[in-house]
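Presented below is the structure to which this report refers.
The values are calculated or read from the model by the stated rules, or taken from the named source; none is laboratory data. Bear in mind that the values here come from a model prediction, so they are computed numbers and not experimental data. Every residue, glycine as well, gets a Cβ built from its backbone with ideal geometry; the counts of neighbours run over all protein chains shown.
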Amino acid sequence: MRRRCPLTSGAGRYVLRWRMRTGRRRAARHLDALAVELESRGWRLVRYYRPTEFPAALPLLRVYAGRQGRDVGMVISVRAARRKACDYVSLGQGPPEFLIACGNAKAAADRIDDRLKHQMYPHTFPHGSGQRS
């Protein structure tokens, strides 16, 4: 007789759905806090984590400069980390790149601001300089 996995049975499915929903809400809260900081710095944003507008599986925040968004930009998401913590990560063509731990939206906005300015003006803003203007 085949045994069923406890996480795919009735109660297990409920627990997984609940964890996914609460994790999505938590990620949206962190991305909202980051969006406020980035908007105050003049970056343009597209929020791909609102379930009514964009029912995407992964909560994403697109940050860009320019009218079309083709010039300079990056996609940010929130990933679970150890001990009920979470991290901001940059998504691109390779594996997700760690930016900073969630909880300090201002520091995350500083790091993203530095990276985008470096992409726009590589000789003026050295990558990883850590200096704020």
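If I filter region 101-113 for residues that are modelled with pLDDT under 90, surrounded by 17 or more Cβ atoms within 10 Å (Cβ to Cβ) and within 14 Å of the chain's Cα centre (by Cα), do I get at least one hit? The answer is yes, given that some residue of region 101-113 is modelled with pLDDT under 90, surrounded by 17 or more Cβ atoms within 10 Å (Cβ to Cβ) and within 14 Å of the chain's Cα centre (by Cα). In region 23-48, the residues that are without any contact (Cβ under 8 Å) to a residue 40 or more places away in the chain form Cβ pairs under 6 Å with partners that are surrounded by 14 or more Cβ atoms within 10 Å (Cβ to Cβ) and assigned to a helix (DSSP H, G or I), at six or more places apart or across chains, as follows: Leu45/Ala35. Residues satisfying the criterion are absent from region 91-98 (criterion: touching a Cys at 6+ places or on another chain (Cβ under 9 Å) and modelled with pLDDT of 80 or more). Checked against the criteria, Arg79 does not count as farther than 15 Å from Ala27 by Cα and either at pLDDT below 90 or surrounded by 13 or more Cβ atoms within 10 Å (Cβ to Cβ) (or both).
Yes/no matrix, rows are residues, columns are (1) modelled with pLDDT of 65 or more; (2) over 13 Å from the mean Cα position of the chain (by Cα); (3) closer than 19 Å to Ala108 by Cβ:
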site: Arg3; (1), (2), (3): no, yes, no
site: Thr8; (1), (2), (3): no, yes, no
site: Arg17; (1), (2), (3): no, yes, no
site: Thr22; (1), (2), (3): no, yes, no
site: Ala27; (1), (2), (3): yes, no, yes
site: His30; (1), (2), (3): yes, no, yes
site: Gly42; (1), (2), (3): yes, yes, yes
site: Pro59; (1), (2), (3): yes, no, yes
site: Tyr64; (1), (2), (3): yes, yes, yes
